[in-house]
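*Asks:* Got a structure for you, written out below as C-alpha cells; questions coming shortly.
The values are calculated or read from the model by the stated rules, or taken from the named source; none is laboratory data. Keep in mind that this is a model prediction, so the values were computed, not measured. Note that we place each Cβ from the backbone using ideal geometry, even for glycine, and neighbour counts take in every protein chain shown.
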Amino acid sequence: MSETAVYGEAINSEPLKSEDEDDDYNDDEEESPSPSQSSPRPPISSNFEKDRHLLYLEMMYELLPCHYQSQEINRLTLAHFIISGLYFISARDRVDKDVVANWVLSFQDLPSHRGALQNGEFYGFFGSRSSQFPQDEDEGLTHNGSHLASTYCALAILKVIGHDLSTIDSESLLLSMRNLQQNDGSFMPIHTGGETDLRFVYCAAAICYMLDNWSGMDKEMAKNYILNCQSYDGGFGLIPGSESHGGGTYCAIASLRLMGFVGVDLLSNGLGSSIIDPSLLLTWCLQRQANDGGFQGRTNKPSDTCYAFWIGAVLKLIGGDAFIDKIALRQFLLSCQSKYGGFSKFPGQLPDLYHSYYGYTAFSLLEEPDLSPLCPELGLPLLATLGL
C-alpha cells in the first residue's frame, strides 16, 4: 500500500477548493450544476447501502481516480474523509493503522531548533508532499507551509485510528499556533497571506481540544470574535457582518462547545444565561430545512448533502435535533446516494469524497443502524474519539 496509490489523486465530480480555502465549508459557492441541470435521477433506494459505501471507500483507499490530480495539496484532507468514513461504517479492519500513522506523522513540520518558534511560522502539519518542498526565494520557489486545516485533519485521522497523540511534538505545534491568532481573535490558516474567518477558529479549537492543551489560543479573544460573527437572524456568518451560513454557524457553535463557553442542551439549560440566543438560532436552523427535506446552507439556496451535517450537528449541539423532519431528510439523502456508493452534492450527480463523508455523518445523526454514533463537535466517529 504505497503513499502514491492510497492518497495520491482522488475522486470528484466537483473538486475540493485549494487548501488555503480549507475544507470546503463554502461548498454552496462552487460552480456546480443546479439540481435542474443534473442528470436524470436514478431510482431512490429505500436503504442506506452500507456494502456499496464500503466498496466505494475501499476503492478510494487503494487508488483514487485522476480527477483529484489537481487536489494533491489536499492529500491529508482526502485521507481524513476516507479513513474516518471507513470507521463510521464500522470497517476499521480495512485500515492498516501503523502504516497510516507513520504516513500522517511524516507530514508534521518540525522546527530546526527551539528558537525557531519565535519566527512567526506555524509548525503544524503540511497538507501534502508538494507543500513540503523546500523554499528557495532566489529561484522563485515557495511552499504553502503547514496549515491549520491540514493539522486538524492529521490529528483527526490519528485520533480515529487510536494513535497516542502524546507522541506528537504538541508544544511546538501549539506555541507556534498562537502566531496565527490575530488581534481580533480570529485565526489565519498559514503564517502569512491567508484569509481569516470562523473556519480557522474552529480548526484551532478542535486542535487544542484533541491535544487536551489550550495553550495554542486565547479562548476569550476567540469567543469574542465568534460572537461578533452572529447575525441579526440568529445564524453566524464566516466573518463579522456577513450573511448567516451553515458552515460558519457550525464552526461557531462547535468552537464555543469545545472551548467550554456553551453547555449541553442549550435550549433547555441556557436560555437565561447563554452568551447567544439559542431560540433565535434554533429558528434560523430549522428554516434551512427545505421542502425537499434537505438542508440548505443559506437562504434561497438549493438543498445540499453536506448541510445535513453542518446544520444537523448544530441542532444536535443545542438540543434541537428533535425538531428535524428526519423522515424527509433521510429521503433527500437517499436521493443523493450513488449506485456506486458514496453521496453526491445534489440528487442525480456523481459521488465525491467530501459529500460522501458528510453523508455518513448525517446518517449517523439520524441514528442509522450499524453506523458509529457521531461526536458532533468534532465531526468524527464518537467511538473512536472515546478510544473504543
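*Asks:* Take ILE253 and tell me if it is of a type outside the set (Gly, Ala, Ser) and assigned to a loop (DSSP other than H, G, I, E, B).
*Replies:* no
*Asks:* Moving on. Please specify each residue of the range 337-388 satisfying the condition of being of a type in the set (A, V, I, L, M, F, W, C) and in a helix (DSSP H, G or I).
*Replies:* Residues satisfying the conditions are LEU353, ALA362, PHE363, LEU365, LEU382, LEU383, ALA384.
*Asks:* Continuing with this model, one more query. Based on what the data block shows, is GLY293 on the phi > 0 side of the Ramachandran plot and either buried (at least 24 other Cβ atoms within 10 Å of the Cβ) or touching a residue at least 24 places away in the same chain (Cβ under 8 Å) (or both)?
*Replies:* yes
*Asks:* Moving on. Kindly indicate whether ILE318 is out of contact with any strand residue (DSSP E or B) (no Cβ under 7 Å at 6 or more places or on another chain), among the aliphatic types (A, V, I, L, M) and under 24 Å from VAL264 (Cα atoms).
*Replies:* Yes; evaluated as a whole, the condition is true for this residue.
*Asks:* So in the range 46-90, with the set limited to residues that are part of a helix (DSSP H, G or I) and among the charged types (D, E, K, R), which one is nearest to LEU378 (Cα to Cα)?
*Replies:* The residue in question is ARG75.
*Asks:* Can I ask one more? Return yes when CYS285 is modelled with pLDDT of 95 or more and surrounded by fewer than 24 Cβ atoms within 10 Å (Cβ to Cβ) and no when it is not.
*Replies:* Taking the combined requirement at face value, the residue does not satisfy it.
*Asks:* May I ask you to say which residue of VAL314, VAL262 is among the aliphatic types (A, V, I, L, M), crowded, with 16+ Cβ neighbours inside 10 Å and outside any helix (DSSP H, G or I)?
*Replies:* After ruling out the rest, the residue left standing is VAL262.
*Asks:* Can I ask one more? Can you go through CYS375, CYS336 and tell me which one is in contact with a Ser or Thr (Cβ under 6 Å, 6 or more places away or on another chain) and under 18 Å from ALA91 (Cα atoms)?
*Replies:* CYS375
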